[in-house]
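For reference, the structure is listed below as structure tokens.
The values are calculated or read from the model by the stated rules, or taken from the named source; none is laboratory data. Model, not experiment: these values are computed from the prediction. Counting neighbours? That spans all protein chains shown, and the Cβs are built from the backbone with ideal geometry, glycine included.
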Amino acid sequence: MGATYAAAGALTILFLAADPWGEAQMVNLLKGDLLATTEKSLTVLASVLGAVVIVLLAFQKEFLLVSFDRDLAVVFGKAAGLWDTVLYLVCGVTISFGVMTAGPLVTFGFLVAPPLTARLLTRHMMSFSVASAALGGVAAFAGFYCAYRYDWPLGPAEVAVAVALLVAVGAAVRLWRAFGLRPT
């Protein structure tokens, strides 16, 4: 569902951008404006995301335990409600600062498409995290190239590439499974 939203949003903006009579303000509202982001905004975003990464790394065992086996977390004496609250707070901070800096489409697209793609390729949390970050980086650079090459808006081009990677990997995994092979 999330990938469908990201793909539809990216395509909507790409079509609006191709129309010379499209509403420029509507496009900017929907897609965000990555290239117009100020140095101060990027510094704040980098600081916030750095703190988020530190929190996620410091408490990864607690987050995983509470998220995947709440009953076992309670048996181990973990305050499941507290860890849920901290995780939701971290997610909320990430999303809110991402939306303020990059716009809703780019933030949502990169929070959904690369992890969904990585999930198709990996079986363990560490490889999932690394693959998700790598796929996000590839989508960002390839999207930047497409935006430059075809004169597309940057954010939607990056999200469209991320969703295209998801579709391509999903199709490849289905083919592998159809022939009785394992994708990983």
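Out of the helices (runs of 4 or more DSSP H) lying entirely within the range 49-150, which hold 2 or more residues that are at pLDDT 90 or above, of a type in the set (A, V, I, L, M, F, W, C) and under 16 Å from Ala164 (Cβ atoms)? Steps first, please.
Numbers: elements: 60-68, 70-75, 80-102, 104-121, 125-150.
Here the list reads 104-121, 125-150.
Give me a count of the residues in the range 151-180 that are in a helix (DSSP H, G or I), aromatic (Phe, Trp, Tyr) and more than 26 Å from Arg123 (Cα to Cα). So that I can check it myself, show each step before the final result.
Initial filter on the range 151-180 (in a helix (DSSP H, G or I)): 154-178.
Now drop any that are not aromatic (Phe, Trp, Tyr), which leaves 176.
Next, only the ones that are more than 26 Å from Arg123 (Cα to Cα) stay: none.
Qualifying residue count for the region: 0.
Does the range 85-103 contain at least one residue that is without any contact (Cβ under 8 Å) to a residue 40 or more places away in the chain and more than 19 Å from the chain's Cα centre (by Cα)?
Within the range 85-103 (the criterion being without any contact (Cβ under 8 Å) to a residue 40 or more places away in the chain and more than 19 Å from the chain's Cα centre (by Cα)), the answer is yes, since at least one residue qualifies.
Of all residues in the range 44-72, which are among the polar types (S, T, N, Q) and under 17 Å from Trp83 (Cβ atoms)? Outline the logic, then answer.
At the first step, the residues of the range 44-72 found to be among the polar types (S, T, N, Q) are 47, 60, 67.
Scanning the range 44-72 gives Gln60, Ser67.
Residues of the range 86-125 being among the hydrophobic types (A, V, I, L, M, F, W, C) and under 22 Å from Val169 (Cβ atoms), which ones?
First, the residues of the range 86-125 that are among the hydrophobic types (A, V, I, L, M, F, W, C): 86-87, 89-91, 93, 95, 97, 99-100, 102, 105-106, 108, 110-113, 116, 118, 120-121, 125.
Once the filter is applied, which keeps residues that are among the hydrophobic types (A, V, I, L, M, F, W, C) and under 22 Å from Val169 (Cβ atoms), the range 86-125 yields Leu105, Val106, Phe108, Phe110, Leu111, Val112, Ala113, Leu116, Ala118, Leu120, Leu121, Met125.
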